[in-house]
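*Asks:* Quick one: structure below, then a few questions.
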Amino acid sequence: MSLYPMTSDFVGVITSGLAALTPYQDKLRIETDDMSTLMVGAPDPLIDAVRDLFAATARLPDHVTMHVTLSRGCPGEPDDPSCRCDTLARAQGQPLKERQALALAAVRAAPDLAAPIDVQFSLYVLGQDRHMDEIYGCIDFLKESGTFLKSKNFCTRLRGDAGVVFETVRQAFLRFGPAEGHVTIDLTASANSPSLG
């Protein structure tokens, strides 16, 4: 994950965002350097940490963007044991319609964080025959999520409060693609863009 504040006080924005990771220090392995922050752990605290970091910076007045790569089940670098997730275990073998319904219910229960944001992301279901069935199933879920803004070439655009948008991303990550397979998300988030005004 890399955070890009569009302000001369970029250090203050980055450090305030990183302060939002404090509650996750004992749940995730967090390594920050001059390029990015690596977080390793179970998807729920991981996505909560990304959400809270970006929501903290989105509440500031400056334009800020963030790039995130999420990955699970990579055969080249197996998941750490701390990455285990009950949602993935339960999703194994669930029909697509059932996974879509569970994802929508989770999005409807998402917290309001008072941080309006935009996100565009792509879901990649890797190493599986008929992977487009999972991607189309995810797109159908996104269109019903209440956060869907539009489809773009190779990605989907979401808009809304950080709580509901990141819950939508979480559900896309956990409920689409094989539970034991390699699934990645490439995501860019933006808040307070002057282009929207």
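The values are calculated or read from the model by the stated rules, or taken from the named source; none is laboratory data. Keep in mind it's a predicted model, so treat the numbers as computed, not measured. Quick reminder, even Gly has a Cβ in these numbers, built from the backbone with ideal geometry, and neighbours come from all protein chains shown. Just the protein is used for accessible areas: all its heavy atoms, side chains included, with ligands, DNA and RNA removed. Shrake-Rupley method; radii C 1.70, N 1.55, O 1.52, S 1.80 Å.
*Asks:* Taking only protein heavy atoms into account and a 1.4 Å probe, give the accessible area per residue of the chain in Å².
*Replies:* 51 Å²
*Asks:* Would you mind computing the Rg to Rh ratio of the stretch 40-85 from its alpha-carbon coordinates, Kirkwood style for Rh?
*Replies:* 1.10
*Asks:* Roughly how big is the stretch 66-131's charge dipole about its Cα centre, with Cβ charges of +1 (Lys, Arg) and -1 (Asp, Glu), in debye to the nearest 20?
*Replies:* In debye, rounded to 20, the stretch 66-131 gives about 280.
*Asks:* Quick one: which residues, 5 or more positions from Leu149 or on another chain, have an amide H under 5 Å from its amide H? H modelled 1.01 Å from N in the peptide plane, none for Pro or chain starts.
*Replies:* For Leu149, the qualifying residues are Arg157, Leu158, Arg159.
*Asks:* Another one. Just by accessible area at a 1.4 angstrom probe, what is the order of Arg59, Arg175, Arg72 from largest to smallest?
*Replies:* Arg59, Arg175, Arg72
*Asks:* Using only Cα atoms, find the angle between the long axis of helix 96-108 and the longest principal axis of the chain, and express it within 0 to 90 degrees, rounded to the nearest 10.
*Replies:* Helix 96-108 and the main axis of the chain meet at about 30 degrees.
*Asks:* Using a Gaussian network model of the chain whose springs link C-alpha atoms within less than 10 Å, name the residue from Ala110, Ala172, Ala49 with the highest mean-square fluctuation.
*Replies:* Ala110
*Asks:* Under the definition of Cα pairs under 8 Å and six or more residues apart, what whole-number percent is the relative contact order of the stretch 1-146?
*Replies:* 24 percent
*Asks:* Oh, and also: Roughly how compact is the stretch 98-172, stated as its Cα Rg over 2.2 N^0.38 Å to two decimals?
*Replies:* Here the Cα radius of gyration is 1.08 times the empirical estimate.
*Asks:* While we're looking at this one, here's another question. Assign unit charges at the C-beta atoms only (+1 for Lys and Arg, -1 for Asp and Glu), then state the dipole size of the chain relative to its Cα centre in Debye, rounded to the nearest 20.
*Replies:* Rounded to the nearest 20 debye, it is 600 debye.
*Asks:* Provide the net charge surrounding Gly146, with neighbours chosen by a C-beta distance below 11 Å and charges set as Lys +1, Arg +1, Asp -1, Glu -1.
*Replies:* 0
*Asks:* Something else now. So how tilted is helix 162-175 from the main axis of the chain? Cα-based, degrees 0 to 90, rounded to 10.
*Replies:* Long axis of 162-175 versus the principal axis of the chain: about 30 degrees.
*Asks:* When the chain is modelled as a GNM with alpha-carbon springs shorter than 10 Å, which of Asp80, Asp52, Asp118 fluctuates the most?
*Replies:* Checking each option, the largest mean-square fluctuation is seen for Asp80.
*Asks:* Report the accessible area of Leu102, computed with a 1.4 Å probe over the heavy atoms of all protein chains in place, in Å² rounded to the nearest 10.
*Replies:* Per-residue accessible area (Leu102): approximately 70 Å².
*Asks:* Roughly how much of Leu70 is accessible, in Å² to the nearest 10, using a 1.4 Å probe?
*Replies:* 10 Å²
*Asks:* On to the next question. Taking the stretch 124-190, which chymotrypsin sites (Phe, Trp or Tyr not before Pro) meet the DSSP loop condition and have no more than 13 other C-beta atoms within 10 Å?
*Replies:* Passing sites in the stretch 124-190 are Phe154.
*Asks:* May I pose another question? Ignoring any ligand, DNA or RNA, what whole percent of the accessible area of the chain comes from carbon and sulfur when the probe is 1.4 angstrom?
*Replies:* 54 percent
*Asks:* If I fit a long axis through the Cα atoms of helix 43-58 and take the longest principal axis of the Cα atoms of the chain, what angle between them do I get, 0 to 90°, rounded to 10?
*Replies:* Tilt of helix 43-58: around 30 degrees.
*Asks:* Students sometimes get this wrong: rank Met35, Met66, Met6 by accessible area, probe 1.4 Å, all chains present, largest first.
*Replies:* Result, largest first: Met35, Met6, Met66.
*Asks:* Evaluated at 10 °C with a viscosity of 1.306 mPa s, what Stokes-Einstein diffusion coefficient in µm²/s does the stretch 1-140 have when Rh comes from the Kirkwood expression over alpha-carbon pairs?
*Replies:* It comes out at roughly 93 µm²/s.
*Asks:* How much length is gained on full extension from Phe10 to Tyr124, taking 0.36 nm per residue of separation minus their Cα-Cα distance?
*Replies:* 37.9 nm
*Asks:* Accessible area of Glu77, 1.4 Å probe, to the nearest 10 Å²?
*Replies:* It works out to around 140 Å².
*Asks:* As a test of reading the structure, rank Thr32, Thr65, Thr147 by solvent-accessible area (1.4 Å probe, protein chains only), most first.
*Replies:* Thr32, Thr65, Thr147
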